[in-house]
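Structure, as structure tokens:
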């Protein structure tokens, strides 16, 4: 690593240089763009963020599941430098280039299912989701799209409609795109029913309110991200997938946060052998450069007419070079196994802490996608205030953690999959101390 993999606190967090930059920000950056922790980063590598004040913070967020291969991974940096020296842009829709094809070939090989596949590349997760909906509607000739409670799919007009949480993502930004319908999500911590039972309720509601022949697609995160790291009960995803197959509805897996080794498999659908018709990816695909994709069955993707998909920067050559390097690192370093190893360390510790602590409602997730849900003691009422205090204490102690959940009451951990074991241990220790301090 180019930076020592150690937590170092030379100033308070944020330090004086970061505070000075924050004052400059207030004069030029729109207030609607916020930051979890106003610490300005000068360098980052592996599992640490080195700020402008000389502090090194433990990164348990990975830029929201983006730097799965670590920050500044040489497998990403070196090919990007080479590509920048050759050309930075031509627009694939004008004059194409090989590394776009290579990324699509990798996606065909890596995503679930051994059927013939095609991909289209974009810039962001929301853009991928929006195009998946376009593709599903055009391919099926239907309009309705079914989504789930607690879902998060983006911030564009269409993806705001797909997203469940109002504040801060939707409130005051309507009207939203039509023909979006929401059904129950399996949430094992708050619903003791089996996955098959919740799936039955969901499809009964679709049949009653819409009729299957009106539905173009069912869109779902195999493990919900912003909604609270909710992993549905076993059987839920396969039951929904079977209903889709039986009714000519496309099953669309939003693997933007769960993909590229995060849950201990290349994709979270694989844990229950679910093969989606379309899969959207972004975040971890390119080690920090903006790239996203829709990958799907060839007959569906090839039903789109010429020039109906694309965008000026979609599949930019620098991002494609980064993706090929990141995928190589994931494969050669066996990052699915690394994610499982992170979970093997974190889950027992956090579940042991939860025993006898009635402020901790649930510890859940898969691999290196770990959530801790907090409630008011003696109740099941969400406690976003204590969650925020725990996160703030971690930040002050030089550990970057994130919050999520419909009610803002979940601490989420998304460490780089290459994080040093001693660094992970130290970061978890800071989190454990913060939880004890605020939930005594």
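With a/c under 1.5 counting as rounded, go ahead and sort region 75-332 into rounded, prolate or oblate using the C-alpha gyration tensor (a ≥ b ≥ c being the square roots of the eigenvalues; past the cut-off, prolate if a/b is larger than b/c, else oblate). The partial results should precede the final answer.
Working: a/c = 1.76, a/b = 1.58, b/c = 1.11.
Here region 75-332 falls in the prolate category.
Select from 150, 171, 89 the residue whose mean-square fluctuation is largest in a Gaussian network model of the chain (Cα-Cα springs shorter than 10 Å).
Comparing 150, 171, 89 in the GNM, the peak value goes to 171.
What is the spin-label model distance, in nm, from residue 376 to residue 357 if the labels are put 7 Å beyond Cα along the C-beta direction?
According to this spin-label approximation, the distance is 2.0 nm.
Let me have the relative contact order for the chain, percent, based on Cα pairs under 8 Å that are six or more residues apart.
22 percent
For the residue pair residue 98 and residue 9, what label-to-label distance in nm results when each label sits 7 Å from Cα along the Cα-to-beta-carbon direction?
Distance between label points: 5.1 nm.
With r as the distance between the Cβ atoms of residue 214 and residue 171 and R0 = 25 Å, compute the FRET efficiency 1/(1 + (r/R0)^6) and round to 0.05.
0.30
Using only DSSP helix segments of four residues or longer, with each worth -39500 (n - 2.57), what per-residue ellipticity at 222 nm results for the chain after dividing by its residue count and rounding to 500? Let's see the in-between values first.
Numbers: 13 runs with 164 residues, N = 440.
The per-residue figure over the chain is -11500 deg cm²/dmol.
How high is the relative contact order of region 75-332, in percent, with contacts defined as C-alpha pairs under 8 Å that are six or more residues apart?
Contact order relative to length: 31 percent.
Could you sort 25-37, 408-420 so that the peptide with the highest average Cβ count within 10 Å comes first and the rest follow in order?
408-420, 25-37
Rounded, prolate or oblate: which one fits region 240-295, using the alpha carbon gyration tensor with axes a ≥ b ≥ c (rounded when a/c is under 1.5, else prolate when a/b beats b/c, else oblate)?
Here region 240-295 falls in the oblate category.
Taking only C-alpha pairs under 8 Å that are 6+ residues apart, what is the relative contact order of region 365-440 in percent?
Relative contact order for region 365-440 comes out at 34 percent.
When a/c is below 1.5 the answer is rounded, else prolate if a/b is larger than b/c, else oblate, so apply that to region 352-440 with a ≥ b ≥ c taken from the square roots of the Cα gyration tensor eigenvalues.
Details: a/c = 1.69, a/b = 1.53, b/c = 1.11.
Here region 352-440 falls in the prolate category.
If you stretched the chain out fully between residue 191 and residue 115, how much longer would it get, using 0.36 nm times the residue separation minus the C-alpha to C-alpha distance?
Roughly 23.8 nm would be gained on extension.
Who wins for biggest fluctuation among 361, 92, 229 in a Gaussian network model of the chain, springs between alpha carbons below 10 Å?
Highest fluctuation among the options: 92.
Every number in this text was worked out from the coordinates using simple rules, so none of it is lab data. Computed from a prediction, not measured in an experiment: that's the story for all the values here. Positions of Cβ are generated from backbone atoms using ideal geometry, with glycine treated the same way; all protein chains shown enter the neighbour counts.
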